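The values are calculated or read from the model by the stated rules, or taken from the named source; none is laboratory data. The model shown is predicted, which means the values in this text are computed figures rather than measured ones. Every residue, glycine among them, receives a Cβ derived from its backbone with ideal geometry; neighbour counts consider all protein chains shown. These accessible areas exclude ligands, DNA and RNA; they are computed on the full protein's heavy atoms, side chains included. Shrake-Rupley method; radii C 1.70, N 1.55, O 1.52, S 1.80 Å.
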Amino acid sequence: MKTKAGTENMKKICFISIVAFFSLLLSSSIIPNMNVMGLEVYPDAVFTNTPELNYEFSSPNKIAAPGDLFAPELSDHTADNVPVISTITETAAPGEAIIVGGENFKNASVKVFGLNGSGYTVFLDAEIVSITETAITAIIPSSFVNGVFLIWVKNINGYSRPVRINNPIADWCSSDKVCIADDLSIYGKNFILNDYDNVFVYMDNGISVIPCEVTYVNPYKLTFKIPQTAINDTYSLWIHNGHGGVYAWYNIGNIEVRDSIWNGCTYTLENSTVEALKYAISIASDYDTIRIPYGNYTVDQQININKKLRIIGIPDNNGNRPSIKSTLQNASSAVFYITRFPSIISNLEFTDDLSVDLAPRMVYAHGYDAPADSRSGFLLENCNFDIKHSWCNADVCYQNHADCIFGYSNVSNCVSVADINNINIGNNTFSMPKGISIYNCRYTEIHDNVAYGKWVLHSVQGGSFVQFGGICSNIDVNNNIVGSSHLSNSNGSFAEGDLVFNRALVLQGRTENIYIAQNNVSGCGHINQNSGEIFLFENNRKLFEDKPSTVSGKNIAFAVSSVPSKSLGATVVILNGKGVGQYRTISQVNGNIITIDKSWDIEPDETSTAMIVEPFKNTVIYSNKVVGPKNYNDNDNASCAVQGYGNMLNL
């Protein structure tokens, strides 16, 4: 671990930074004055910890800040008409630009505190690129080493409160409930700034603080193991990236540690029949396990699972898994219809009957009617889905693909999940025209799958590997391979009759906290339709726009009879005027008045324009490989790697 910045060569982590609506951190206590290398005293210890500046600064008890020696002393002096910072670029290396938003910036300068190449803390002027009354673009001095920086804006009346950049910012976790030895991931940014950096994770239950083993980290995601020394309790999570001393702590919130719940009986089918499987389900209790031996199981009626069960296939000596063949005649039915959770489906083969000209679901996990304590936990792993359908028979389609044309709505998704939380779909193989549908869910990871599209390419828009809809959050789609079942041209060009996914990933509705990383996509797209976006964010939901009639604390009133009821839980953004660039979540709607979750840093007024939107918030697209159709420009289509259609915040 490095405790002092040296002169080692480092690889600068650069990326395009959309101006982030960042955070400050504020201490209400009196802090001693700072005198750094004979420089002047700096006022006001104020920072933020979230994109909504809430004037709170905290650090865990009993733990010294790891990493760099970084301990500026700040005064609590305040002055009138000093600059106020409300937004800032959250990540910038030495020599890179930051954009600072706020007010009272006329004739201002930007001051930066950090470590230089000799390991000493210094306080330097940033080069001003452009400046207005409300916005400054400045360059972080190149003599710093890459780490956490404190930023001030100074005008003739004095200093602003300082803000920090490059500190770790955690937006969400992969789950809120875990067992000992489980892996848990945290998502955000600035987890590491340099190749040689360490990241630190601690769990605190108010009695003891436990360090955790980090098993994976990149700038936007880290994974750690729940320690064996943890007990069944609620723990607060803290992270630190080894820079910035006490100012770099970040608290992401709480998780619940509990015992493993799969402690029931185990049933192994005595014969390889669907009737034996149905009987085992009928006599099983919650948290039991049903083992299906190798064999062929033909399902002509939906199998309903209204208990919390594990259903696991037992391969034969050659590794062949039990085969579940669907002959269902209703496209709205499913082979397994699951309504109680947690639930696990593992180690099975799914296929369908070529004589049936429709596409039923193979697995449908639906928590809408489940009790509140039965809507969490769905694991689908190590399964193979080979969905054929007569209209996708390669011998027919390549001879006369016109015979294969059908409506999009006639084909169901292979796997549908709705109204549950904590979903894990991993290490499966899919060959299908329409893939996975996720609707109204939180905490979803789709990872390490191999998926081949089998939608017949023609004038009708087709299926996707994964599609999210409704209100979804905390989504991780990583390390999937998405390709084509068949391309007629070996050079990468597409032709009608090819079997493909038209898109790899579609996100619609009100969706936030999204991580898309290290996926490999090829043989996916479209060549003659408004389709072909590999990663599509589709949402143009502007709910309301107007100037406030009054603003009082957290309440904003508009000169209308009412704002849309859908505004509850949506985001209000100040587009222009006083307070521009700030955004907040709407916690209450009462007629023409909305209430926000946290106070403004710069309070808007009647000159401001406020828009209420349902944006995509907190999105990371990192280290993916995307190869589109070689002949994408032969016809009108929407081919691209990433399409952000609608409103996005913090991309």
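Answer yes or no as to whether Ala64 is open to solvent by 40 Å² or more (accessible area, probe 1.4 Å), modelled with pLDDT of 60 or more and not in a strand (DSSP E or B). Considered against the rule, which asks whether it is open to solvent by 40 Å² or more (accessible area, probe 1.4 Å), modelled with pLDDT of 60 or more and not in a strand (DSSP E or B), Ala64 comes out as yes. Among the residues making up segment 623-641, a single one is open to solvent by 70 Å² or more (accessible area, probe 1.4 Å) and within 17 Å of the chain's Cα centre (by Cα): Ser623.
Listed here are the residues, each with its yes/no results for (1) more than 30 Å from Ile231 (Cβ to Cβ); (2) without any contact (Cβ under 8 Å) to a residue 12 or more places away in the chain.
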residue: Ser282; (1), (2): yes, yes
residue: Asp316; (1), (2): yes, no
residue: Thr327; (1), (2): yes, no
residue: Ser332; (1), (2): yes, no
residue: Ile344; (1), (2): no, no
residue: Tyr368; (1), (2): yes, no
residue: Ser374; (1), (2): no, no
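Answer yes if at least one residue in segment 261-269 is surrounded by 14 or more Cβ atoms within 10 Å (Cβ to Cβ), out of contact with any Phe, Trp or Tyr (no Cβ under 7 Å at 6 or more places or on another chain), of a type in the set (Gly, Ala, Ser) and farther than 17 Å from Leu380 by Cα, and no otherwise. No: segment 261-269 contains no residue that is surrounded by 14 or more Cβ atoms within 10 Å (Cβ to Cβ), out of contact with any Phe, Trp or Tyr (no Cβ under 7 Å at 6 or more places or on another chain), of a type in the set (Gly, Ala, Ser) and farther than 17 Å from Leu380 by Cα.
Ile534 falls short on exactly one of the conditions (1) over 28 Å from Val642 (Cβ atoms); (2) touching a Cys at 6+ places or on another chain (Cβ under 7 Å); (3) not polar (S, T, N, Q), and that condition is (1).
Considering Ser333, Ser272, Ser285, Ser343, which residue is open to solvent by 10 Å² or more (accessible area, probe 1.4 Å), modelled with pLDDT of 95 or more and of a type outside the set (Phe, Trp, Tyr)? Testing whether each residue is open to solvent by 10 Å² or more (accessible area, probe 1.4 Å), modelled with pLDDT of 95 or more and of a type outside the set (Phe, Trp, Tyr) leaves just Ser285.
Taken as a whole, segment 239-251 holds no residue that is of a type in the set (Ser, Thr, Tyr) and either over 30 Å from Gly119 (Cβ atoms) or at pLDDT 95 or above (or both). Condition test on Ala108, is it within 27 Å of Val573 (Cα to Cα) and either at pLDDT 90 or above or β-branched (Val, Ile, Thr) (or both)? Answer is yes for this residue. A single member of Thr607, Thr585, Thr595 is surrounded by fewer than 21 Cβ atoms within 10 Å (Cβ to Cβ), of a type in the set (Val, Ile, Thr) and not in a strand (DSSP E or B), and it is Thr607. Within segment 100-136, the set of residues being farther than 15 Å from Ile88 by Cβ and among the aliphatic types (A, V, I, L, M) comprises Leu115, Val122, Leu124.
Here the strands (runs of 3 or more DSSP E) wholly within segment 470-567 that include at least 3 residues being under 20 Å from the mean Cα position of the chain (by Cα) are 471-478, 503-508, 510-517, 533-539.
Within segment 288-304, the set of residues being open to solvent by less than 10 Å² (accessible area, probe 1.4 Å) and among the aromatic types (Phe, Trp, Tyr) comprises just one member, Tyr297.
For segment 127-143, a residue qualifies if it is open to solvent by 10 Å² or more (accessible area, probe 1.4 Å) and not hydroxyl-bearing (Ser, Thr, Tyr), and the qualifying residues are Glu127, Ile128, Val129, Ile131, Glu133, Ala135, Ile139, Pro141. Within segment 205-245, the set of residues being touching a residue at least 40 places away in the same chain (Cβ under 8 Å), open to solvent by 30 Å² or more (accessible area, probe 1.4 Å) and charged (D, E, K, R) comprises Lys225 only.
Scanning segment 346-368 for residues that are of a type in the set (S, T, N, Q) and either within 18 Å of Arg291 (Cα to Cα) or modelled with pLDDT under 85 (or both) yields Ser346, Asn347, Ser355. Restricting attention to segment 109-123, which residues are more than 18 Å from Pro83 (Cα to Cα), assigned to a strand (DSSP E or B), out of contact with any Pro (no Cβ under 7 Å at 6 or more places or on another chain) and of a type in the set (S, T, N, Q)? Correct list: Asn116 only.
Of all residues in segment 144-186, those satisfying the criterion of being among the aliphatic types (A, V, I, L, M), over 30 Å from Asn232 (Cα atoms) and open to solvent by 10 Å² or more (accessible area, probe 1.4 Å) are Val145, Ile156.
Restricting attention to segment 462-500, the residues that are of a type in the set (A, V, I, L, M, F, W, C) and either open to solvent by 20 Å² or more (accessible area, probe 1.4 Å) or touching a Pro at 6+ places or on another chain (Cβ under 6 Å) (or both) add up to 5. A single entry from Thr234, Thr215 fulfils the requirement of being of a type in the set (Ser, Thr, Tyr), farther than 18 Å from Lys62 by Cβ and modelled with pLDDT of 95 or more: Thr215.
Only one of Val217, Val201 is in contact with a Cys (Cβ under 8 Å, 6 or more places away or on another chain) and within 19 Å of Asn474 (Cβ to Cβ); which?
Exactly one of Val217, Val201 is in contact with a Cys (Cβ under 8 Å, 6 or more places away or on another chain) and within 19 Å of Asn474 (Cβ to Cβ), namely Val201.
Taken over segment 568-582, residues that are part of a strand (DSSP E or B) and open to solvent by 10 Å² or more (accessible area, probe 1.4 Å) amount to 3.
Residue under question is Val620, and the condition is that it be buried (at least 18 other Cβ atoms within 10 Å of the Cβ), among the β-branched types (Val, Ile, Thr), under 27 Å from Gly577 (Cα atoms) and within 26 Å of the chain's Cα centre (by Cα); does it hold? The answer is no for Val620.
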